[in-house]
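Written below as structure tokens is the structure these notes are about.
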Amino acid sequence: MALAGLFLLMFLPVHLIINLMLLKSDPVPFNRAAHFMATFPVVKIVEIALIAAILIHISWGIFLQIQNWLARPVGYAGGNKSETSFFSRFMIWTGASVLTFLVLHFFNFYFIKLGLVPGDPENFYSVAHNLFKISAYNYIYLICFVLLGLHLFHAFSSAFQTLGLNHRIWTPVVKVFALIYSILIPAGFAYISLTLWLFR
């Protein structure tokens with residue numbers, strides 16, 4: 001799950017950079033980038049790996065959470081508080097919010113590309129701009145990205161710990177990088193949403 005998560009972490013900045021093209025008044029750059037991502041053979045191979053990583057990460061996360069619940073089906077009566085961090089305890093719920101957004105995102109974009117739902121796969125610029133005119137979509141989008149930030153903050157540092165890469169010097173550095181990453185990535189997506197919703 002840690003390896004799949006780290007792979008997904010590498011994808012998010014790429015996705016953000018492409019989505020920032022939505023802020024241009026000219027739709028051509030974004031549509032060209034979307035077309036390239038949909039047709040270039042190497043990207044299509046990476047896409048398969050990306051979907052596999054998503055499925056592995058989600059299924060393994062659910063499996064581990066069920067294991068945790070079964071290990072202690074009844075909570076503590078009181079006294080001792082768990083030393084588990086807030087982020088760790090709620091990872092399954094922040095992850096569920098990200099999954100909800102992924103399902104919505106797939107219906108709005110990926111399934112259009114596959115021809116499963118109506119829409120123009122050569123003009124995702126207009127598809128995105130029309131979606132961001134819907135207030136409810138923006139509310140869902142922004143809430144999901146706030147929760148994604150919480151998920152990323154814990155996931156980034158815990159993935160290194162899971163892989164046995166703890167170090168007296170580098171672990172604090174990883175935690176600082178995790179904090180910066182978990183703020184900048186969601187903030188970038190939120191900036192796109194707010195700009196297109198309120199000012200375009």
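Membrane-span-like helices in the chain: DSSP H runs reaching 30 Å or more (Cα, own axis), mean Kyte hydropathy at least -0.5?
Details: long enough: 41-71 (45 Å, 1.55); 135-162 (39 Å, 1.09); 170-198 (41 Å, 1.58).
Membrane-span-like by this criterion, though nothing is claimed about a membrane: 41-71, 135-162, 170-198.
Which entry is the computed Kirkwood radius over Cα pairs in Å for this structure: (1) 18.1; (2) 17.5; (3) 18.7?
Among (1) 18.1; (2) 17.5; (3) 18.7, the one calculated here is (3).
How long are the three semi-axes of the equivalent ellipsoid for the range 107-172, computed from the Cα gyration tensor as the root of 5 times each eigenvalue, in whole Å, largest first?
Working: eigenvalues 278, 50, 16 Å².
Rounded to whole Å, the semi-axes are 37, 16, 9.
Longer than 24 Å from Cα to Cα, which of Lys24/Lys133; Lys44/Lys113; Lys24/Lys113; Lys44/Lys175 are they? Say none if no pair is. Could you put the intermediate results ahead of the total?
Numbers: Lys24/Lys133 16 Å; Lys44/Lys113 12 Å; Lys24/Lys113 22 Å; Lys44/Lys175 33 Å.
The answer is Lys44/Lys175.
Over the chain, what relative contact order in percent results from Cα pairs under 8 Å that are six or more residues apart?
On the way: 151 pairs, mean separation 61.9, N = 200.
Relative contact order comes out at 31 percent.
Mind telling me which of Thr100, Thr171, Thr39 comes out most flexible in a GNM of the chain, alpha-carbon contacts under 10 Å?
With Cα springs under 10 Å in the chain, the top fluctuation among Thr100, Thr171, Thr39 is at Thr39.
Report, in deg cm²/dmol and to the nearest 500, the calculated mean residue ellipticity at 222 nm for the chain, where each DSSP H run with n ≥ 4 adds -39500 (n - 2.57) and the sum is divided by the residue count. Walk me through the intermediate numbers first.
Numbers: 8 runs with 145 residues, N = 200.
Computed ellipticity for the chain at 222 nm equals -24500 deg cm²/dmol.
Find the percent of Cα-Cα distances in the range 16-67 that exceed 18 Å, and round it to a whole number.
Percent of Cα pairs beyond 18 Å in the range 16-67: 53.
Just so you know, all these numbers are worked out from the coordinates, no wet-lab data involved. Source: prediction; values computed, not measured.
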